[in-house]
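Here's the structure we're looking at; comments come further down.
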Amino acid sequence: MQTDRQSKWLSEELAKLFSDGVRGLIPTASLQLQVINELLSAWDLNPQRVLDLGCGDGILGRMLLDRFPHARVTFLDFSEPMLAKVLEKAGENKNIQIIQADFTTPSWGQNLEKNISFDLIVSGFAIHHQVDERKKELYTEIFNLLGTHGVFLNLDQVRSRTDAISKIFDGYFLGHLNKSFSKPEQQDVMKQIEKSYYEDKQENKPALVEDQCQWLRETGFQEVDCFFKTFEMALFGGIKL
């Protein structure tokens, strides 16, 4: 299974739009980060090594760097423009590593340091682009990269059970962004966001969060749960014990 090299996520234009105008404005974005922080506190996790898989502009990894400044954080994505945004936003931090790798194939792990295990692996809106079989493979590959008591948290788009709820979510998502881009001079940007949103849905292959939690359990993860869900956005994951 190969990455579509014509994917719009490889464009500098979309990387700029996503990181400068959209990512922090996604509905409940602040709550997503708050729930992650609450989970890390509840599990008393103090990670030394973190992997932000499919990092986009690296908002999750950068949040973790702020909380755990001693941690070494690896940002990995297939999109060079997105990784450039990570470098721009993370600055000259000596604890970061940036890797370009195609995680649609099992060989992506070869780009990481050998014999290194992670305490925490996070993914933000990246895995839903993969077909179900590849999701299952990725969960196994992620499990194998974690050390004992390592945590995997997947913030992702998931499938609605009905078309009606999916359409409601579209209106909820775009309506929320439209409030943030309501000025007349921002209307062209909003049109671009809406166009990209529906184009992205054609690339997406989301699965039910209940199914994905079961796949995590079958992989070997413990304490698996869906910690957060709003329509088609969910945070779920588990611990390797």
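Quick notes on this structure:
- The one condition from (1) modelled with pLDDT of 95 or more; (2) in a helix (DSSP H, G or I); (3) under 20 Å from Leu60 (Cβ atoms) that Val122 does not meet is (2).
- Of the criteria (1) free of Cβ contacts under 8 Å to residues at least 60 places away in the same chain; (2) under 19 Å from the mean Cα position of the chain (by Cα), which one Lys179 fails: (2)
- Among residues of the stretch 125-140 being part of a loop (DSSP other than H, G, I, E, B) and in contact with a strand residue (DSSP E or B) (Cβ under 8 Å, 6 or more places away or on another chain), the one that is surrounded by the most Cβ atoms within 10 Å (Cβ to Cβ) is Ala126.
- Look at the stretch 187-208: where a residue is closer than 27 Å to Val131 by Cα and modelled with pLDDT of 85 or more and a partner is of a type in the set (Gly, Ala, Ser) and not in a loop (DSSP other than H, G, I, E, B), sitting 6+ places away or on another chain with Cβ atoms under 8 Å, you get Ile193/Gly21.
- For the residues Phe103, Phe152, Phe143, the requirement of being within 23 Å of Val73 (Cα to Cα), touching a Gly at 6+ places or on another chain (Cβ under 8 Å) and assigned to a helix (DSSP H, G or I) singles out Phe143.
- Being without any contact (Cβ under 8 Å) to a residue 60 or more places away in the chain, outside any helix (DSSP H, G or I), charged (D, E, K, R) and surrounded by fewer than 17 Cβ atoms within 10 Å (Cβ to Cβ) is true of Glu223.
- Matching residues in the stretch 56-77 - criterion: being of a type in the set (A, V, I, L, M, F, W, C) and buried (at least 20 other Cβ atoms within 10 Å of the Cβ): Ile59, Leu60, Leu64, Leu65, Val73, Phe75, Leu76
- The stretch 9-48, residues that are part of a loop (DSSP other than H, G, I, E, B) and either within 22 Å of Gln187 (Cα to Cα) or under 17 Å from the mean Cα position of the chain (by Cα) (or both): Ser11, Ile26, Pro27, Thr28
- Selection from the stretch 110-147 of residues that are under 17 Å from the mean Cα position of the chain (by Cα) and among the small types (Gly, Ala, Ser): Ser123, Gly124, Ala126
The values are calculated or read from the model by the stated rules, or taken from the named source; none is laboratory data. This is a predicted model, so every value here is computed, not measured. Reconstructed Cβ throughout: ideal geometry from the backbone, glycine too, with neighbour counts over all protein chains shown.
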